[in-house]
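Only one structure is covered here, and it is reproduced in the block below.
The values are calculated or read from the model by the stated rules, or taken from the named source; none is laboratory data. On a predicted model such as this, the values are computed, not experimentally measured, just so you know. A quick note on method: Cβ atoms are made from the backbone with ideal geometry, for glycine too, and the neighbour counts reach across all protein chains shown. Accessible surface is based on the protein model in full, side chains and every heavy atom, while ligands, DNA and RNA are left aside. Shrake-Rupley method; radii C 1.70, N 1.55, O 1.52, S 1.80 Å.
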Amino acid sequence: MTDEPTVSDRLKSIGDRLRSVGVQARSKLGEARSRLVAAYHSRPVRQFRSNTLNVIGLVIVLTLILTAIFAPMLAPHDPEEQHLRDRLEGPSAEHPLGTDQLGQDVLSRLIFGARVSLKIGVAVVGISLAIGTAVGVTAGYAGGYVDEGLMRLVDVLLAFPGLLLALVIAGILGPSLTNIMIALAIVGWTSYARVVRGSVLSVKEEEYVKASQLMGTGRLRIVGRHVLPNVMGPVVVLATLDMATVILSTAGLSFLGLGAQPPTPEWGTMISEGRYYLRSAWWVVNFPGLAIMFAVLGFNLLGDGLRDVLDPREEESVQNKGL
Amino acid sequence: MTEPLLSVENLHTHFETHDRTVHAVNGVSFDIEPGEVVGIVGESGSGKSVTARSIMRLEEPGKIVDGSIRYRGEALTEATDETIRRLRGQDMSMVFQDPMTTLNPVFTVSEQIVESLKVHDNPDHQPLREYLRIPFLHDRTDWAEKRDRVVELMSEVGIPNPEERLDAYPHEFSGGMRQRAMLAIALASEPDLLIADEPTTALDVTIQAQILQILSDLRASRDMSVMLITHDIGVVSEVCDRVIVMYGGQVMETGTTEQILTQPRHPYTQALLDCMPQQTERKEQLATIEGQVPNQLGDIEGCPFASRCAYADAACTSASMPVCDCGDGQEAACCALDRVPDPTREAVGVEGSR
Amino acid sequence: MWKYIVRRIISGLAVLLGVSVLTFSLTFFTPGDPARTILRKQMGGRSPSQAAIERFREANGLNDSIPVQYVNWVTDVMQGDLGASYHSETAVTTLIGQNLMPTVELAVAGLAVALVVAIPTGVISAVHKGGRLDYGSQVLALLGLSMPNFWLGYLLMLVFAVQLGVLPTHGFGTFGHLVLPAVTLGTGMAAVITRLLRSSMLEVLDEEYIQTARSKGLKERIVVYKHTLRNALIPVITIVGLQFGYLLNGAVIIEMVFQRPGLGSLLIDAIFARNYPVVQGLVLIVAVVFVVTNLLVDITYRYVDPRISLGGGGE
Amino acid sequence: MAGNKLNRRTVLKSAAAVGALSIAGCAENTSGNSSGVRIALNTDPTAEVWNTHGGITPYWTNVMEPLVWVNQEMDTEPWLATDWEQTSETTWEFAIREGVSFHNGDKLTADHVVYSFETLLSELAYAPGWLRLEGPESIVALDEYTVEFTTTEPFSVFPGNIAHNMVCIQHPDRNPDENRVIGTGPYQVDEVVVQQEVVTSSFDDYWNDAGQVDELVFEVIEDPNTRSLSLENDEIDIGMSPPRSQIDSLESNDGVEVARQETAGSCYGGFNLYDAPTDDPVLRRALNHAVDQQLIVDTILENVGSPARVPISPTIYWSAHDQVDPYEYDEDTASSLVEESAYGGEMITIVVPNDLVNGRDIAQVLLDDFTSVGVEAEIQMAERAQYSDLVRNGNGHLFLDTSGSNSGAADYVIYDSFHSDGDVNQRRYRNEETGVQNLGGEVDTLIEDGLQATESAVKEEKYVQAQERMKAQAVTLPVYYDEFVAAYQSGLEGVSFSPIPEFTSWTSLEK
């Protein structure tokens, strides 16, 4: 007999190891599942679920996100592929939502358009959020003249019909999605700044924050540990509703001819370009119209639902910078 | 025996929350005779206010699920909206607890009193354009004529210089003044029954005394019944003829003021009286009742006070509570009354106790 | 009260200054020469000569640096002169004057449509909370909120002007011309007001004084429309006031869809033509309108909500 | 307090009153359809740019007339001037028509001509450069019916150049502040509603054949969709340039007729000849072969217009359309030419102004065509203002635009775009000695010769040669020759348009 482990031993140990991995995995999986189940039955989720509209909103938004991610798999055609001879054809098996004036598949363009809309939405909301948070934290913490100055700036921007300003900015910078993003972000960050500043001010007064300040915790850490978690709820709600606003504003600016460079499929531009065919080819205009409506509706519903759960203080923060 | 003015029998008022039912009022019965001042006492959450609101049929969002409320023999639980409105306008009035929130901030006090007078005159004719004061469409000459009556009412409830305050808004009144205004609104409909839900709780002590004085005077001058809800035994002792002690949505004990204050039979009443500051020596800690007020979620079995009661045994939490006659109209709902010391006998002598 | 108004006016002026600096500095980043663009338009699409462009730039002070141009502009504005359009010597104030009324008319009509729809809907929705009517009107309000208004405009035009032929497709002047644009503009706003009024009504209905009103024996109609609505309208007025400024956003697009003259069309044309005096003048005027509306809203408060004293804080 | 209440009531009442007033004001304004003809333009005839002309547009309306007219063949024709003569290299003598009445009854004389030109020169900054007239001595009345013009440089195309709607004759009593317009045309202005419409009526004392319709109303509907909707809705009688997509349905509509007219305009892409990769003529030829113009006309343009071979419309007599062989559409040839060329996969930027009708779609078709022969491309839509800069700076590789003439002298169509010192190329040519769409050298000379030529045959010969050289080097990618379309109610007779549609005369119109 040698000390060499036999093949069967080896196999057995591999088998054991695999089994233990399997068991571990299964227990991890089980844990995750039970955690998920627990989350599903937790109070906030229950509260969220209790309103059908909230669930519809979540479903629309998830559909939108999945559509955007899997656009290449979902779209039956290349959204930029032209078939001039098959232009303006009505809905059919080949083109479920018909073709546009260049013979491009409307459904595929809508599917890829979800990407564009989400991309702009996320970018604008992201930039607004970043600027807004930075300004809000700075103003709230610094107080005094800095606060006063920054808040007056916020007032200036809030005091002006945002979309009109965005229109001037985008109009002057020239048509492109990037310019739309810049314009919308320039006018969009103010509401975040307000919310964050308010939260900073109230948290600053809390005993435990004063205590940790006394103990010499750095300001940034205090912000990170106390302010940000506190302000998460309202900000998430604001951001969700803002997505709706941004999608609508983008469509509006695109309609005015400031939108995407062709052949990028963008919903507002599709309506703007398709309006000449309103009567002869209703599908060219009305499907993008529906797409915008549902996307905006989805974010509005989700935002409302999240507000019920996350931000009970604010019943209604009407934000309709939209057109 | 004459018919009581108000007769409440086995009243159950429930509130549906997200996933459960709160039994706010759970089988309450009592009568109020004409001209009588009845005090309803109990801790917060004992169902006093809900009972009062149920009588006014303002129980929403709660629901009366069982029992009856009869006013001069008329069943309020089945009455139509018109009947209820007529009763509110002409027979029953209510004064609420917090005078800071019970007056509509956007109308002048006199407007709110006149409204009450108008309803009293004609509860079935309430033209919207007249009440809303729609420009060009309303005719309010008779509203203006009512100003004298308003002044009268205001002075009756002790608002000084009422003529100068006709155009004042509620926010221009102090708390006590607002409660007087509220009283004036309630009196405008010349009620036979005034339900006052903790009318003095939110006021400071001197004002409290004044308001109570006005209540007593009014009751005397107008010969109306008053249902006075309070958690303050002191208030009860000053103005009430009879007292109903409530706990956990049920009536624990009823009796004349004297009976309740001097010879409480129910352990809850006794505990309640022990907590009164007057009963406590200086520097001694204020007595409290141990435990929590029950949340009244779901069906309640047995005595709601059982968990906090010094004399309770296992049977108390399951058995139904009998109402025991303690003589001279005094009644207590307790399943272990025999174990509870009886102050009347204690007063007679030590040998009287077991 | 006067002190308050003066303070508001001062902060309003600061806002105007900020907005004007912002729009003016944008011209820094602008591609495209206003001289060439405007001359080309005047010449019916022909390219102007270099000499003509130079002359134009000289005549309109375009050769100065932007800060100098700004200071000149502000100096003129102080004297009530918004400058003249590059196109001709027409004063910007004249242009704005010509275009103001159509837009105001549209905005007022849109607001009227919004209020007529939103007040009953919001009230009914709140009164029947949780019921079918509530559900229905909430869904409708959300749809109205989510619908791009240019699309709605075309749909309305298609149905009422083309299919039914009952209303004109475009233009300006008669009451008929106002209907479709006003409905289009009013829809989104109606949705906002409905939602706001609903939640505001629900909040007020929970107030103790509503119980007081009921306890007097008032009919539910009067409890709702007098005691509740009056209070519920207070926060709505703020939003309506703010939204009135935002109506200009919508007006831009709706004026384009329905071919109405107005500040929106004027602004779009001016932006694309690089007609800076008009853009700057318009932006300034819009900001003024906005600041003034806000001030008026605040003053209206005094009348609607007696608790608020303009002196500050209240009680 | 009492004061407050009073105020509140007053406020409410006055608000109600204002509301009532404004509604009443709206109702009064109702303007019904009259016996006249309503013509919908796509630009505002009362726009402020027209102040020089008394507040209304000189285009379309026939209210004011020029000295020289442009006919169906794009040739000049005597109009308010009966004759003209070049008296030296820089001087021209024009004989003014006698017996012409202004709308206010005054008779036209040479002084009115002098006044009109001087007004134009002083009020429009660009006019001196454009007309080559500068200074008070440049326009002189020699006698009551003779005017002498002195140009700043030899300018052979002067008569054609002033055959332009804007260079029209008006009476000194015109007043833009009151919208008082005084011309000599067949229709006189009755009413101007700013930003909406101009109401004109037939002028009885017109020197030529008077208009047959009593009233012409010119209104603005900028949106083409709305324009055609309102035509079908019977709100207007004639609508200019309906959306192409609706021409078919308009033509099949019993109540509506469609008029078509070839114009002097054409749409083409101009290559950037000085930057890689389009500096390679082989690649440019390849791209020319890659595009199927006929398909574009058949589909996107809905058969309005015709496929182009050169950048100059055949309605201009010196167009080389018939003299050159087109680059036939052939993907294989195109692909092999791409292989042959120096092209190495660079991105070609197609720059398109966003006011170019169908420009967006055409650009996308070009992009698709380029991609299928192996050339990468992207589109940059730019506003007109931005576009002008991009072209002149050579930022981009293919500049898509239309070009055409709205005067009797179409020379600038070729000069401005393809001569090194032309407007498009001048900036880069002067700064960097390059340019954009200018081949330079021989082509410059040919264009200069054509410009100076007074005889049509010589001009045609020179310009055709220049166009042939440019075609050989594939300087442009011609797309289509434009066609003007208007739709009108079939009750109307005598609707016809000129190659410069704005020059259309309405006197033949009958209802």
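Going by alpha carbons, how many degrees (0 to 90, nearest 10) lie between the helix axis of D:423-432 and the longest principal axis of chain D?
Between helix and principal axis, roughly 50 degrees.
Taking 0.36 nm per residue of sequence separation and subtracting the Cα-Cα distance, how much length would be gained by fully extending the chain between D:Glu448 and D:Thr152, in nm to one decimal?
Difference between extended and current length: 104.9 nm.
Rounding to the nearest 10 and keeping the result within 0 to 90°, find how far the Cα-based axis of helix C:263-272 lies from the longest principal axis of chain C.
40 degrees
Can you pull the percent of the stretch D:263-482's accessible area that's carbon plus sulfur, 1.4 Å probe, other chains left in place?
The C+S portion of the solvent-accessible surface of the stretch D:263-482 is 42 percent.
Tell me which DSSP H helices of chain B clear both cut-offs, 18 Å or more of axial length from alpha-carbon atoms and a mean Kyte-Doolittle hydropathy of at least 0.5.
Membrane-span-like by this criterion, though nothing is claimed about a membrane: B:175-188.
First measure r as the distance between the Cβ atoms of C:Ser11 and C:Asp206, then evaluate 1/(1 + (r/R0)^6) with R0 = 25 Å and state the FRET efficiency to the nearest 0.05.
It comes out at approximately 0.10.
With n ≥ 4 as the cut-off for DSSP H runs, can you work out [θ] at 222 nm for the protein assembly as shown, using -39500 (n - 2.57) per run divided by the number of residues, rounded to the nearest 500?
-15500 deg cm²/dmol
Please identify which residues in the stretch B:61-79 have an amide N closer than 20 Å to a label point set 7 Å out from the Cα of B:Glu3, following the Cα→Cβ vector.
B:67-79
Which peptide among C:215-221, A:88-94, D:199-205 comes first, and what is the full order, when sorted by highest mean count of other Cβ atoms within 10 Å?
Per-residue Cβ counts within 10 Å, averaged per peptide and sorted highest first, yield C:215-221, D:199-205, A:88-94.
Would you mind listing how long chain A runs along its three principal axes, going by Cα atoms, in whole Å with the largest first?
85, 69, 40
Most fluctuating residue of B:Ile244, B:Ile229, B:Ile64 in a GNM of chain B with Cα springs under 10 Å: which is it?
Answer for the Gaussian network model of chain B: B:Ile64.
Rounded to the nearest 0.05, what FRET efficiency do B:Ala79 and B:Asp328 have when you use their Cβ-Cβ distance and R0 = 51 Å?
After rounding, the FRET efficiency stands at 0.90.
If packing is taken as the average number of other Cβ atoms within 10 Å across a peptide's residues, how do D:485-492, D:155-162, A:68-75, C:75-82 rank, most packed first?
Those peptides, ordered most packed to least, come out D:155-162, D:485-492, A:68-75, C:75-82.
For the residue pair B:Glu16 and B:Ala310, what label-to-label distance in nm results when each label sits 7 Å from Cα along the Cα-to-beta-carbon direction?
In this crude spin-label approximation the distance works out to 4.3 nm.
Give the interface area between chains A and D as buried accessible surface, both sides summed, probe 1.4 Å, in Å² to the nearest 100.
Summing both sides, the interface buries roughly 2200 Å².
Evaluate 2.2 N^0.38 Å with N set to the residue count of the stretch D:263-482, then give the Cα radius of gyration divided by it.
Relative to the 2.2 N^0.38 Å estimate, the stretch D:263-482 comes out at 0.94.
I want the antiparallel fraction of DSSP beta bridges within chain B, as a percent rounded to 5.
60 percent
From the P(r) of the protein assembly as shown, could you give the percentage of C-alpha pairs in the tail past 60 Å?
Roughly 36 percent, once rounded to a whole number.
More than 18 Å apart: what percent of Cα pairs in the stretch D:168-263 qualify?
59 percent
Find out how many positive minus negative residues lie around B:Pro34, taking Lys and Arg as positive, Asp and Glu as negative, among other residues whose Cβ is under 14 Å from that of B:Pro34.
-3
On C-alpha positions alone, give me the angle between the axis of helix D:331-340 and the longest principal axis of chain D, in degrees, nearest 10.
The two axes meet at around 60 degrees.
What number do you get for the stretch C:108-264 when its Cα radius of gyration is normalised by 2.2 N^0.38 Å, N = residues?
Here the Cα radius of gyration is 1.18 times the empirical estimate.
To one decimal place, what Kirkwood hydrodynamic radius in Å is obtained for chain B from all pairs of distinct Cα atoms?
The Cα-based Kirkwood calculation yields 21.8 Å.
Send over the per residue convex hull volume for the stretch D:371-511, Cα only, as a whole number of Å³.
With only Cα atoms used, the stretch D:371-511 gives 174 Å³ per residue.
Can you give the average number of partner chain beta-carbon atoms within 10 Å of each beta-carbon in peptide D:214-222, as a whole number?
That works out to 2 on average.
Please give the net charge around A:Leu150, taking every other residue with its beta carbon less than 14 angstrom from that of A:Leu150, where Lys and Arg add +1 and Asp and Glu add -1.
0
I'd like the carbon and sulfur percentage of the solvent accessible area for chain B, probe radius 1.4 Å, heavy atoms only, ligands and nucleic acids excluded.
That share works out to 47 percent.
Count the net charge of all other residues whose Cβ sits under 12 Å from the Cβ of C:Ala107, scoring Lys and Arg as +1 and Asp and Glu as -1.
Value of the local net charge: -1.
Given labels modelled 7 Å from the Cα in the Cβ direction, how far is it in nm from C:Val162 to B:Thr262?
The answer from the label model is 9.3 nm.
Can you pull the three principal axis extents for the Cα set of chain C, in Å, largest first?
Principal extents (largest minus smallest coordinate, Cα): 83, 57, 31 Å.
What are the DSSP H helices in chain A that stretch 15 Å or more along their long axis, judged by alpha-carbon atoms, and whose average Kyte-Doolittle hydropathy comes to at least 1.0?
For chain A, where a helix must reach 15 Å along its axis and average at least 1.0, the hits are A:52-69, A:106-142, A:162-173, A:177-188, A:228-253, A:282-310.
Out of residues 5 or more away from D:Gln380 or on other chains, whose amide H comes under 5 Å of its own, with H placed 1.01 Å from N in the peptide plane?
Here the answer is D:Ile350, D:Val351, D:Val352, since their amide H atoms fall under 5 Å of that of D:Gln380.
Once the mean 1/r over all distinct Cα pairs of the stretch A:1-104 is inverted, what Kirkwood radius in angstroms do you read off?
Result for the stretch A:1-104 stands at 19.8 Å.
Per-residue Cβ counts within 10 Å, from other chains only, averaged over C:218-228: what number is that?
5
Take C:Val139 and A:Val23, extend 7 Å from each Cα along the Cα→Cβ direction, and tell me the distance between the two endpoints in nm.
It works out to 5.3 nm between the two label points.
Rounded to two decimals, what is the ratio between the C-alpha radius of gyration of the stretch B:100-188 and 2.2 N^0.38 Å?
Scaled against compact globular proteins, the figure is 1.05.
For C:Lys129 and C:Val21 in one chain, what is 0.36 nm times their gap in residues minus the Cα-Cα distance, to one decimal in nm?
34.1 nm
Over the protein assembly as shown, with the other protein chains present, what is the accessible area per residue in square angstrom, probe 1.4 angstrom?
Here the residues of the protein assembly as shown average 40 Å² of exposed surface.
What whole number of Å gives the distance from the Cα centroid of the stretch D:422-457 to the Cα centroid of the stretch D:167-229?
So the two Cα centres are separated by 39 Å.
Between D:Ser122 and C:Gln79, how high is the FRET efficiency from 1/(1 + (r/R0)^6) when r is the Cβ-Cβ distance and R₀ = 30 Å? Nearest 0.05.
0.70
Please compute the Kirkwood hydrodynamic radius of the stretch D:65-169 from all pairs of different C-alpha atoms, in Å with one decimal.
Radius from the Kirkwood sum: 13.7 Å.
Can you tell me what share of the DSSP beta bridges in the protein assembly as shown is antiparallel? A percent to the nearest 5 is fine.
In the protein assembly as shown, approximately 75 percent of DSSP beta bridges are antiparallel ones.
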